[in-house]
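Participant: Take this structure first; my questions come after.
The values are calculated or read from the model by the stated rules, or taken from the named source; none is laboratory data. Just so it is clear, the structure is predicted and the values come from calculations on it, not from any experiment. We place every Cβ from the backbone using ideal geometry, glycine too, and count neighbours over all the protein chains shown.
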Amino acid sequence: MSQTAAVSAARGPVDPTRPEPGLGAYNLKLGMWVFLLSEVMFFTSLIGAYIILRFAHPEHFAAPGEVLNVPLTAANTFVLICSSVTMVKAFAAIARDDQKGLQLWLVATIILGSTFVGVQVYEYIHLFRDGFVPNAAAYTAGGGPLYGSTFYLMTGFHGLHVSIGVGCLIWVLIQAIRGRYSSSHLGGVEVMGLYWHFVDLVWIVLFTIVYLI
Amino acid sequence: MSAHATQEAPNDWDFPAFAGDHEHHEPSFIRKYIFSTDHKMIAKQFLAVSLFFLAAGGTLALMMRWQLAFPGQPMPVVDFLPSTMAPGGIILPEFYNAMVTMHGTFMIFFAIMPLLVGVFGNLLIPLQIGAGDMAFPRLNMWSFWLAVPAGLLMLASFAVEGGAAGAGWTAYAPLSADGEYTGVYLGQQLWLASLFILGFSSIAGAVNYITTVINMRAPGLTWLRLPLTVWALFITAILVLLAIPILAGALIMLLTDQTLGTTFFLPETGGEPLLWQHLFWFFGHPEVYILILPAFGIVSEVLANGARKPIFGYTAMVLAIVAIAFLGWIVWGHHMFMSGMNPVLGTTFMFSTMVIAVPSAIKVFNWLGTLWGGNIHFHVPFLHAAAFVSLFIIGGLSGIFMASTPVDIHIHDTYFIVAHLHYVLFGGSLFAIFAGITYWYPKMFGRMMNSLWNRIHFVGTFIFYNLAFFPMHGLGLEGMMRRLYDPTQYGWLAELQPWNVFITYSVFFLVGFQVIFFVNFILSMWTGREAGPNPWNANSLEWSIPSPPPHGNFQTIPVVYRGAYEYSVPGHERDFLLQNEPPDDAAKRRPEPAQRVDPSGQVKDRGGDQ
């Protein structure tokens, strides 16, 4: 009793109108950070499996550039990085209440994101023609079937994340056109940006370990 | 939406409404009972679904026990199963495989995990931290409504050609990766898809729990004043958040191996079957603690309440939970001692596994310390919690056996491990769940469960549980393999067959006593005595509001002045002190300084609380 009273006194009086301080991030932002942690673990499982299989069976993997089109994908990587820049510009625009700017930069991000997915589909089609397929029985390209299996697993799930991101961006754009955001009400844009930058970051890791090493 | 949001919130859905915020209006039937966003209703929904799966998993266990005791004899009553499962009531080997797999899957993923995390996480986190609801009520609704189709897919797999998955709940590759080996094609794929969907449900829940605990604690509810249930559920949510995605990745790879012809786990085209085991157990061992940490929290809560004493070593309890959760990430290899492993690595895993005994022992020590010298009230939740401690000790000690590589070589994949895992999952988790359900039933439904029938259920469960599972240790040491279809086909096991018959009879009685619980659970909703807000004279915030709490829970934001375990405070009239009772009120209720004569004959002023 006296002990708890002492503890209360040490902290000063409790302000009954404020919740206990959390991490300083509002719920939606904190929730997105937490969700991204689980995404990190998901890609960890895919990348970890890739690393183990590649070390166990180096003969299944061709030298960089032998099978995969590195220049094309490098350009595509640049597109995705640019889309992160436009996303930041969108957030900066709404932070100063620039509705037109928000919409324009969101449209730019959507176009860049869609371009990335489009180029990836184009790349897939060409790889399929060369016999670089996920199906081990039909695999005829350089290296071995593990190359195809791991490549499509990692890039496929990343592409899916970009596609979902583009879908969410379109939804955010619709909200923006309806005027739902303002400098004091921009959580949706900020959280969208967190997800988008995460997907971008994952790609930089994937591009390095799948294409360049 | 919220008039209370004093700190600037960039979104209007940031602070769910408190009950006092708006005029009370009755939501429609569908909004209230089916697509509800109220955490208490979602907890009840999870409770209903997971109790169904608990019953389904128990039924499978009964049929398995029949086969083990009376192999090749037609089952009584259950003679209606199709000829692909049990023609004329005689269980086929492939159906036995499916039952083993689905018993484990139902119990772990659809019964124990949702009971602990889905039910108690949803019910207790907002109530015990003084919040109106979860941080993301709609995401919470989705969490439940993703679990339902996952469960339906899992159930449906029994009906497809080839039957349900038969590669065990661990789905070791390549057995699980190629239908050629088990004769199960679509069933295994449904199993994978179902768990993948369930993973979304779990992650949605975890995101919600973590955000809610961090951001929405009532004023004054500092981290070290949180009830241990909240701590346990919070740490569990972190484990769910980080472990389930690993499983998701592994499930995807296994699914594409089966459907798209990839070759992650199939050795003939370059894959690595051991990779599955590593991924699965890297998820699977944290999963083990997902299944027990919330039980630790519930037991701490109930034991302190029953003993009418503060929990012994509160901070140590919190640190032990954190330590166990951390160590749980570096021990997965102890499931794979027999899979072919570098002995140095095996020793490392052996050591890290045994280190977990330290925080576990701290917890047991503190539970016993809590009971020591307590004025114990043997209410039903307390009985289950005390049983938990004793059975968890047995399960924990048999865990040490298996952690030792030399011993594990002998008992690996025998009934010793079946005994061990049931001592921690049934004797541990399920007894804690019974403690939790009987303890918070009045808060959920506003009425008490019938205490007499609950006591009968407890005694029967405790006795027949031990009779059923303890002999399995011996069978395992004698070499009876787990997942074995017919023990009598081996001479040395045929001699032990009376033990299998004995176990089977015990399981029948064990299940029979569970019927009492189910009936009591349902009937008490109407016939139970009205509970009132605080039937157990407990301290945490949920007991300061009506049972069941209204939509939005608290009329005003509660202000917390102390921890949750201020039982039997000296110089205080009652032996409990609600966390949100203002110190002034508590002081007023203090009795007049009593005059006390001590043995020397001197009159002493007992005074206040010096």
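Participant: For the stretch B:248-281, which positions are at the interface with another protein chain (Cβ under 8 Å from one of its Cβ atoms) and of a type in the set (A, V, I, L, M, F, W, C)?
Facilitator: B:Ala248, B:Ala250, B:Ile252, B:Met253, B:Leu260, B:Phe264, B:Leu266, B:Leu275, B:Leu279 - these are the residues of the stretch B:248-281 that are at the interface with another protein chain (Cβ under 8 Å from one of its Cβ atoms) and of a type in the set (A, V, I, L, M, F, W, C).
Participant: Where residues in the stretch B:534-560 are outside any loop (DSSP other than H, G, I, E, B), surrounded by 21 or more Cβ atoms within 10 Å (Cβ to Cβ) and away from chain A (no Cβ under 14 Å), which of them is nearest to the chain's Cα centre (by Cα)? Give the derivation first.
Facilitator: Of the stretch B:534-560, the ones outside any loop (DSSP other than H, G, I, E, B) are B:541-544.
Now narrow it down to the ones that are surrounded by 21 or more Cβ atoms within 10 Å (Cβ to Cβ): B:541-543.
Applying the additional criterion that residues be away from chain A (no Cβ under 14 Å) yields B:542-543.
Details: B:Glu542: 20, B:Trp543: 22 Å.
Out of the qualifying residues, it is B:Glu542.
Participant: Output the residues belonging to the stretch B:222-241 that are facing chain A (nearest Cβ under 7 Å) and at pLDDT 95 or above.
Facilitator: Residue satisfying the conditions is B:Leu241 alone.
Participant: Take the stretch B:536-551 and flag every residue that is modelled with pLDDT of 90 or more and of a type outside the set (Ser, Thr, Tyr).
Facilitator: If we filter the stretch B:536-551 for residues that are modelled with pLDDT of 90 or more, which is where we start, we get B:536-550.
Correct list: B:Trp536, B:Asn537, B:Ala538, B:Asn539, B:Leu541, B:Glu542, B:Trp543, B:Ile545, B:Pro546, B:Pro548, B:Pro549, B:Pro550.
Participant: Output the number of residues of the stretch A:146-181 satisfying the condition of being out of contact with any Leu (no Cβ under 8 Å at 6 or more places or on another chain) and outside any helix (DSSP H, G or I).
Facilitator: Final tally of qualifying residues: 3.
Participant: When you look at A:Leu112, is it within 14 Å of chain B (Cβ to nearest Cβ) and either assigned to a helix (DSSP H, G or I) or closer than 19 Å to A:Arg178 by Cα (or both), yes or no?
Facilitator: The answer is no for A:Leu112.
Participant: Going through the stretch B:189-224 one residue at a time, which ones are under 17 Å from B:Met253 (Cβ atoms) and among the small types (Gly, Ala, Ser)?
Facilitator: Matches in the stretch B:189-224: B:Ala193, B:Ser194, B:Gly199.
Participant: Only one of these is surrounded by 23 or more Cβ atoms within 10 Å (Cβ to Cβ), within 24 Å of the chain's Cα centre (by Cα) and in contact (Cβ under 8 Å) with a residue 12 or more places away in the chain: B:Val302, B:Val318. Name it.
Facilitator: On the way: B:Val318 fails: surrounded by 23 or more Cβ atoms within 10 Å (Cβ to Cβ).
Just one listed residue meets the conditions, B:Val302.
Participant: Now, a different point. Run down B:Tyr423, B:Tyr415, B:Tyr490 and say which single residue is more than 21 Å from the chain's Cα centre (by Cα) and closer than 23 Å to B:Trp332 by Cα.
Facilitator: B:Tyr415
Participant: Is there a residue being at pLDDT below 95, part of a helix (DSSP H, G or I) and surrounded by fewer than 18 Cβ atoms within 10 Å (Cβ to Cβ) anywhere in the stretch B:498-507?
Facilitator: no
Participant: Answer yes or no as to whether B:Phe416 is of a type outside the set (A, V, I, L, M), closer than 27 Å to B:Ser50 by Cβ and surrounded by 20 or more Cβ atoms within 10 Å (Cβ to Cβ).
Facilitator: Considered against the rule, which asks whether it is of a type outside the set (A, V, I, L, M), closer than 27 Å to B:Ser50 by Cβ and surrounded by 20 or more Cβ atoms within 10 Å (Cβ to Cβ), B:Phe416 comes out as no.
Participant: Just to be sure I understand the filter: pairs with C-beta atoms under 7 Å, separated by 6 or more residues or on different chains, first member in the stretch A:63-91 and free of Cβ contacts under 8 Å to residues at least 24 places away in the same chain, second member part of a helix (DSSP H, G or I). Which pairs pass?
Facilitator: Pairs found: A:Lys89/A:Trp105.
Participant: I've got another one for you. Condition first: buried (at least 19 other Cβ atoms within 10 Å of the Cβ), of a type outside the set (Gly, Ala, Ser), under 20 Å from the mean Cα position of the chain (by Cα) and in a helix (DSSP H, G or I). Can you find one or more residues in the stretch B:520-533 that meet it?
Facilitator: Scanning the stretch B:520-533, I find at least one residue that is buried (at least 19 other Cβ atoms within 10 Å of the Cβ), of a type outside the set (Gly, Ala, Ser), under 20 Å from the mean Cα position of the chain (by Cα) and in a helix (DSSP H, G or I), so the answer is yes.
Participant: A further question follows. Going through the stretch A:136-180 one residue at a time, which ones are farther than 25 Å from B:Ile252 by Cα and more than 14 Å from chain B (Cβ to nearest Cβ)?
Facilitator: A:Leu169, A:Ile170, A:Trp171, A:Leu173, A:Ile174, A:Ala176, A:Ile177, A:Arg178, A:Gly179
Participant: Being of a type in the set (A, V, I, L, M, F, W, C), more than 7 Å from every other protein chain (Cβ to nearest Cβ) and crowded, with 21+ Cβ neighbours inside 10 Å is the filter here; which residues of the stretch A:44-66 pass it? Steps first, please.
Facilitator: Within the stretch A:44-66, the first condition is being of a type in the set (A, V, I, L, M, F, W, C), and the residues that meet it are A:46-47, A:49, A:51-53, A:55-56, A:61-63.
Filter once more, keeping what is more than 7 Å from every other protein chain (Cβ to nearest Cβ): A:47, A:51, A:55, A:61-63.
Selection gives A:Phe61 alone.
Participant: Which of the following residues is closer than 22 Å to B:Ile34 by Cα and away from chain A (no Cβ under 14 Å): B:Ala135, B:Ala111?
Facilitator: B:Ala111
Participant: Moving on. Which numbered condition in (1) part of a loop (DSSP other than H, G, I, E, B); (2) at pLDDT 90 or above is the only one that B:Arg65 fails?
Facilitator: (1)
Participant: Does the stretch A:164-197 hold any residues that are surrounded by 19 or more Cβ atoms within 10 Å (Cβ to Cβ) and touching an Asp or Glu at 6+ places or on another chain (Cβ under 7 Å), and which are they?
Facilitator: Of everything in the stretch A:164-197, nothing turns out to be surrounded by 19 or more Cβ atoms within 10 Å (Cβ to Cβ) and touching an Asp or Glu at 6+ places or on another chain (Cβ under 7 Å).
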